[in-house]
Amino acid sequence: MNFDFSALLLFLTLGSGIIWLVDSLVFAPRREQRVGIDAGNEKKLAATEQPQLPLIVEYAKSFFPIFLIVLILRSFIFEPFRIPSGSMMPTLLIGDFILVNKYDYGLRLPVLHSKIIDNGTPKRGDIVVFRYPDDPSKPFIKRVVGLPGDKIAYSNKTLYINDISAMQILNGRYNAYGAGQMMDGASLRTEILDAIEHQILVSPNRLSEELEINVPSGHYFVLGDNRDNSTDSRFWGFVPDENLIGRAFMIWMNWDGKNGSIDFHRIGTIIK
């Protein structure tokens, strides 16, 4: 079972807020009466005479604003993720820590994931984080190549959109390092989608996945940039709009566990 941090954060926010509210409305007045405050006059106690807050209320009062701010930021603005695999190489490497824009595709309620504000839809070429359709507790990251209504085909390592092939430019041999060493020697190519350029990896000696399919309304077809080492829409189907989490836009940290070091050159990189 995957740990649901969003549910825990919502629970902590609501729990601390309720404790603080109930104490303020019910128990705080009783404590004040016990130490001699008369509700009918304006007599004030000195700071040293103020009633002692119970420890749980003191913690709730201190942490509620923090929980609330984190909940708002994480649910509606930005959410951090870590890249665990090489399926998006060379764009994203194993150990990259990325930020995901949560409002580009509409604002959704935490935990329930219901859209409350329709703010836009993915564009072809966007790198999106979404809840894996076969197991929504798992976040996946891929590139959107097919929009609702598109005819998508993949044949001989080439992507076709509405019967037009996506242009590829050969860039030579890919020199991998660290945790992505297994892709050393792959074919590095530049792919062009709607005039947007991005790099992909292809393993010439591996068989190409062949398919032709139409993207239904409200769904998206996604591929990994590491085309022969990615479990994506070619294998499990489309991404429903309600599974979208947000658009990946920046690398804020990289920790290559194999090398045991930080790649400072990747910090602050804008994701394209």
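The values are calculated or read from the model by the stated rules, or taken from the named source; none is laboratory data. This is a predicted model, so every value here is computed, not measured. All Cβ positions, glycine included, derive from the backbone under ideal geometry; neighbour counts span all protein chains shown.
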Residues in segment 101-113 that are buried (at least 19 other Cβ atoms within 10 Å of the Cβ) and part of a strand (DSSP E or B) total 1
Taking segment 163-174 and keeping residues closer than 27 Å to residue 255 by Cα and either surrounded by 12 or more Cβ atoms within 10 Å (Cβ to Cβ) or touching a residue at least 24 places away in the same chain (Cβ under 8 Å) (or both) leaves 171, 174
Q.
Just to be sure before I move on: is residue 92 in a loop (DSSP other than H, G, I, E, B) and over 30 Å from residue 175 (Cβ atoms) in the structure I sent?
A. no
Here the residues within segment 72-89 that are without any contact (Cβ under 8 Å) to a residue 24 or more places away in the chain and in a loop (DSSP other than H, G, I, E, B) are 84, 85
Only one of 131, 189 is closer than 16 Å to residue 229 by Cβ and in the same structural domain as residue 240 (by TED's automatic domain parsing), namely 189
For segment 187-226 the number of residues that are crowded, with 17+ Cβ neighbours inside 10 Å and either free of Cβ contacts under 8 Å to residues at least 24 places away in the same chain or not in a loop (DSSP other than H, G, I, E, B) (or both) is 15
Open item on the list: When you check residue 142 against the structure, is it in the same structural domain as residue 96 (by TED's automatic domain parsing), crowded, with 19+ Cβ neighbours inside 10 Å and either at positive phi or at pLDDT 95 or above (or both), yes or no?
Closed with: yes
| message | Would you confirm, using the coordinates I've provided, whether residue 238 is under 18 Å from residue 123 (Cβ atoms) and among the hydrophobic types (A, V, I, L, M, F, W, C)? | response | yes
- prompt: Does at least one position in segment 40-49 carry a residue that is at pLDDT 90 or above and not in a helix (DSSP H, G or I)?
  reply: no
From the option list 117, 169, 196, 141, single residue qualifying as among the β-branched types (Val, Ile, Thr) and more than 25 Å from the chain's Cα centre (by Cα) is 169
Within segment 119-139, restricting to residues that are of a type in the set (Lys, Arg) and either at pLDDT below 95 or in a loop (DSSP other than H, G, I, E, B) (or both), the one that is surrounded by the fewest Cβ atoms within 10 Å (Cβ to Cβ) is 138
Residue set 69, 98, 116; condition exposed (fewer than 14 other Cβ atoms within 10 Å of the Cβ), outside the structural domain of residue 15 (by TED's automatic domain parsing) and not in a loop (DSSP other than H, G, I, E, B); output residue 116
Of the residues in segment 229-252, those that are part of a loop (DSSP other than H, G, I, E, B) and either under 17 Å from the mean Cα position of the chain (by Cα) or free of Cβ contacts under 8 Å to residues at least 60 places away in the same chain (or both) come to 232
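Yes/no per residue for (1) of a type outside the set (Phe, Trp, Tyr); (2) crowded, with 18+ Cβ neighbours inside 10 Å:
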position	(1), (2)
228	yes, yes
233	yes, yes
236	no, no
243	yes, yes
247	yes, yes
250	yes, no
253	yes, no
263	yes, yes
269	yes, no
Exactly one of 166, 186, 179 is of a type in the set (A, V, I, L, M, F, W, C) and modelled with pLDDT under 95, and that one is 179
